[in-house]
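Bear in mind these aren't lab numbers, they're just calculated from the coordinates by the rules spelled out. All of these numbers come straight from a predicted model, not from anything done at the bench. Note that each Cβ is placed from the backbone with ideal geometry, even for glycine, and that neighbours are counted across all protein chains shown.
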Amino acid sequence: MDQHVTTHTLLEVSHCRQAYPKEANNELIVLDDVNVRLFEGEIVGLLGRSGSGKSTLLRIIAGLLRPTSGDVTWQGKPVRGPVRGIAMVFQSFALFPWLSVQENVEIGLEAMGVSRAIRETRAEEAIDLIGLGGYESAYPKELSGGMRQRVGLARALVTHPDLLLMDEPFSALDVLTAETLRTDLIDLWSERKLPVKSILMVTHNIEEAVLMCDRILVFSSDPGRVAHEMTVPFAHPRNRLDPAFRQMVDDIYAVMTRRKTPADLRAAAAKPATGFATPLHPIGTNLMSGLMETLAAEPYNGRADLPALAAVLQYEADELLPLGETLQLLHFAELEEGDIRLTDQGRRFVHADTDERKKIFAEAARTHVKLVAAIRQVIDERWNHRASAVRFRDELEDHMSPERAEETLRTAISWGRYAELYAYDEEGQQFSLEDIEEE
Amino acid sequence: MTSIAPPALVHGRRLPNAWDIAAILLVMGVLIGVVSVARGTLAPLAAAQATHIHLDPAYLPGYAVRTTLRMFAALFLSLIFTFLVATLAAKSRRAAIIIIPMLDILQSIPILGFLSVTVLFFVNLFPGQQLGAECAAIFAVFTGQAWNMTFSFYQSLTTEPSDLDEACRSFGLSPWQRFWRLDVPFAVPGLVWNMMLSMSGGWFFVVYAEAITVGNTTFTLPGIGSYVAVALQRRDLLAIFEAVFTMLVVILLYDQLLFRPLVAWSDKFRFETVQTVSAGEPWVLKLVRRTFILREAAGWVGDRVAVIGRLRLGRAERTFASLKAGRTSSRLGDGVFYALVIAAAGYAFWQVATFCAAHLAWSDLLTCVIDAFFTLARVLAALLISCAIWVPVGVWVGLRPKATKLVQPVAQFLAAFPANLLFPLVVAGIVAFRLLPNIWLTPLMILGTQWYILFNVVAGASALPGDLKEVAASFGLRGWLRWRRLIIPGIMPYLVTGALTATGAAWNASIVAEVASWGKTTLVAKGLGAYIAQATTAGDTSKIVLGVAVMSAFVLSFNRLVWRPLYAYASRRTNLG
């Protein structure tokens, strides 16, 4: 752990809960009873899958979003809106395309009413610190992604915030650029050149979290809560190939693929019966086949270590885990303690030809995916063998956000089409059995 | 450039709801209110207006300047209106619920028909002065541009990227700073484009508004429009040609000095992360950017203006109160607001009802609707003919980059030229050859707006993806098959956009085009435009209101029932992903 971590509390989040009201007495819970305490002098990572509410938490801390209940205290005072002293770096950079680099960096100072001369000196300092010297008069669209995020960093640092919030700051960059930015930032931090006291970053990249943070909070999904907290004991600069580093990455994978604890299952049971309203990951059938074929072949022979597999396939945990979970849902594979194992059903699928695969997939989808089964059943029951997609979407929206519902429905449509269980007419938003051969 | 669809296409629903009805009632109520004020004043005005218009060409430059100034005064007013009303609509959910349908309706009102009433209204405000007529002319142009600019700005405000919104809030920008740093710049490309379209239409109105006859009174304002009107009475073909030439010069200057630099400059505000190859710098912009003195001067002015935008007017939002998600709408406030709207709509309804009962009979409505169908037939015929001509030409041009570069600016230039200046020439021809006015007055309606069809089709054809063209070529798609499978689907959204603009303006133009005179000879084609024009000449305000209302209803239902579904269908089918 770094030397300059103190016990002085900067920020405290207590019993934070974020829920969006739905029809009737249903509500969509994004964050549930989250407690976070942030000390001066540390980098803390919020690690979790997409949809685990970690970005929502970051926005609550930034004062951009009001929590449904719970409190956020910043240096002893409650947060009731955007706070001076907290600055944010965005995943999408959020630069103003019509302002030059210099003007973009100055915007926070303008808002504070800083005079022109001081504004220019401070902007110059921040621009030089972050390695943007010479780009002052360039416009964002002339810059590469990495340079843009440097502008985003300079814009946040120029206000000399006590806390720097970063929302997946490197995930929109390519691997090498992201690595350079991370190292530069950590170097500045270790040399205490950054005018900030603490950094809180959201990420879905496990290695990034282990590389940069002093403390990692692992979020669980649906609803989001802090499932695990771990301290990273390594000194900067850290070596990714160090066995202890690797072990920590493996451990986090294991935590993230762990089956739900009894407490989680009880919580799930307490929810109203959802029928077919389980969110589906938007995973295409080609991707599934590809992963299953890879698993079945050498050197994995049906079993692989997730971090190793992710490294070979150049996937991030956030991309590989939903894929693994989808295979698990269809009973083609099983996830256990950071490993993925192909089932017999999965092997059968790999060795089958195209038509046979469709049949195996159709059977798996009808047995294990309630939504697909329900769609087919409704079509079968109707005299004209047609069913409107609207009713399914409405029912899904009762249990999840509209975007998630749309995503789930799209996935069910695509799977059903591949399995030749039903056809879908986009214009009329209708399922039917057109061109589907009766079994 | 033309990828910006007109607001009428992208906004709102197809079926009217309660708010639409309230909006219609309110708009009609206001119109009738204006009429009631105007009616009492018709008599004592007879002697007031006697501006003399000289046909000496030496006066033309002066007239041209005055016409142009009217245009810019109206543009300035529209901009202020846009900033205020669109911001109000975007920031207040309650205001939006009534402002948006009202704008939609105002957009489809044929302002030309209403001009006589507004002239009376303004003359009444400034009795015995030229100012009233001047205001009426400016107001006419204003009503032609303000609505779609407001729509465009409102649309930008409601589609601001959420990350920039969060950046503004997290850095604590004050509302004033945010307006100039985010709201306006983000809206600039759409706003400039809409402004330019409105300006193009505006020349038509300003020329018409300079010489208007209500009953026995003719209001003339020194300008190119009134010059042509006088020339028309005296059957002076040469003077008309001189006016047309002057107008060409004015439009050319406006196009080169303002339109092109502004559109090129607005590219800077386009919200895209990739750098695109710009379509060449207009010479004026090049001049400003490359000449030392001009660049310094522009920079100095820009700095002064930017300082205004940096002022910390208003307080930064340091509370959750501004959050849309977190805002719990107060039931009481809603209740009061709804009650007010209902009361206002009810009052408007009562006004409309008493007005109709006093001045109109059912038979008037029947006449109007029958006339409207005649005009509709004429609009459709004109549209079909111009599509038949300009679609093949546009596609031919659009598929050839060199030709596109040549034709596109010319088509935009022609769209800005006020076609009503050319009417006398056509009418003189009809009179000379004794042609049937019912048929031959039709082309006048679309004379000025057909260019929208051309340049939209050109834009669509030149935007056809290269790989699709190659696929069509390599599979040997030829002739009709190539049109059916590649070209028509590709240009469809563009064609619909162009056709909507063209027909909307054609309805408006029917008021001028269905009644045309040449000296003492007057040609009349049966239709709603003629109905309104004749009511104007007779000074019969109640018939004007009825005619305008029926025409609005036709335009509105045509937009909602035909163009909007067509556009939605076309863009859904032609967008991959």
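Before moving on, here are some points about what is shown:
- Residue order, fewest to most surrounding Cβ atoms within 10 angstrom, among B:I32, A:I130: B:I32, A:I130
- Chain A, Cα convex hull volume normalised per residue, Å³: 172
- Extreme residue, positive dipole direction of region B:419-577, given options B:S552, B:L523, B:P493 (C-beta unit charges): B:P493
- Residue among A:M230, A:M400, A:M166 with the largest mean-square fluctuation in a Gaussian network model of chain A, springs linking Cα atoms under 10 Å: A:M230
- Amide H to amide H distances under 5 Å link A:Y300 with no residue, where only residues 5 or more positions off or on other chains count and H is placed in the peptide plane.
- 222 nm mean residue ellipticity, helices alone, for the protein assembly as shown (DSSP H n ≥ 4; -39,500 (n - 2.57); rounded to 500): -19000 deg cm²/dmol
- Pairs exceeding a 29 Å alpha-carbon distance, out of B:K91/B:K268; A:K193/B:K268; A:K54/A:K359: A:K193/B:K268; A:K54/A:K359.
- Rounded, prolate or oblate (a/c below 1.5 giving rounded, otherwise prolate when a/b exceeds b/c) for region A:320-439 by Cα gyration tensor: oblate
- With contacts taken as Cα pairs under 8 Å at a separation of at least 6 residues, region A:374-432 carries a relative contact order of 41 percent.
- Farthest toward positive dipole pole in the protein assembly as shown [+1 Lys/Arg, -1 Asp/Glu at C-beta], among B:Y452, A:H399, A:A387: B:Y452
- GNM remark for chain A: springs join alpha carbons under 10 Å apart, and the peak mean-square fluctuation among A:R84, A:R148, A:R66 falls on A:R84.
- Between 0 and 90 degrees, the angle of helix A:175-190 with respect to the longest Cα principal axis of chain A falls at about 40 degrees.
- When only alpha carbons are used to place a centre, region B:407-468 and region B:176-216 end up 21 Å from one another.
- Residues with amide H under 5 Å from that of A:Q430, placed H, sequence gap 5 or more: A:A389, A:D425
- Applying 1/(1 + (r/R0)^6) with r as the Cβ-Cβ distance of A:N384 and B:W176 and R0 = 60 angstrom yields a FRET efficiency of 0.50.
- Each residue in A:D128, B:D540, B:D20 was given a count of other beta-carbon atoms within 10 angstrom of its own, and listing them fewest first yields A:D128, B:D540, B:D20.
- Take every pair of alpha-carbon atoms less than 8 Å apart whose residues are at least six positions apart; their mean separation over the length of chain A yields a relative contact order of 15 percent.
- Mean partner shielding of peptide B:172-180, defined as the number of other chain Cβ atoms within 10 Å of each residue Cβ, is 3.
- Listed peptides B:368-375, A:412-419, B:203-210 by packing density, highest first (mean Cβ within 10 Å): B:203-210, A:412-419, B:368-375
- With the simple model of a label 7 Å out from the Cα in the direction of the Cβ, B:R235 to B:L332 spans 7.5 nm.
- Region B:483-572 shape via C-alpha gyration tensor axes, a/c threshold 1.5: oblate
- Each Lys and Arg adds +1 at its Cβ and each Asp and Glu adds -1 at its Cβ; summed about the Cα centre, chain B shows a dipole of about 1200 debye.
- Cα gyration tensor shape of chain B, rounded if a/c is under 1.5, else prolate or oblate by comparing a/b with b/c: rounded
- Simple point charges give the picture: +1 on the Cβ of Lys and Arg, -1 on the Cβ of Asp and Glu, and for region A:18-122 a dipole about the Cα centre of about 140 debye.
- Fewest-first ordering of B:T367, A:T231, A:T257 by other beta carbons within 10 Å of each residue's beta carbon gives A:T231, B:T367, A:T257.
- Taking chain A as a Gaussian network of alpha-carbon nodes connected by springs under 10 Å, the highest mean-square fluctuation of the residues A:A365, A:A352, A:A154 belongs to A:A352.
- In order along region B:416-421, the phi-based Karplus estimate (6.51 cos²θ - 1.76 cosθ + 1.60, θ = phi - 60°) of 3J(HN,Hα) comes to 7, 6, x, 5, 5, 5 Hz; Gly and Pro are listed as x.
- Summary value for chain B: 21 percent relative contact order, contacts being C-alpha pairs under 8 angstrom separated by 6+ residues.
- Inter-part distance where region A:275-327 and region A:199-219 are each reduced to a Cα centre, Å: 23
- Angle between chain A longest axis and helix A:145-157 axis [Cα atoms, degrees, rounded to 10]: 50
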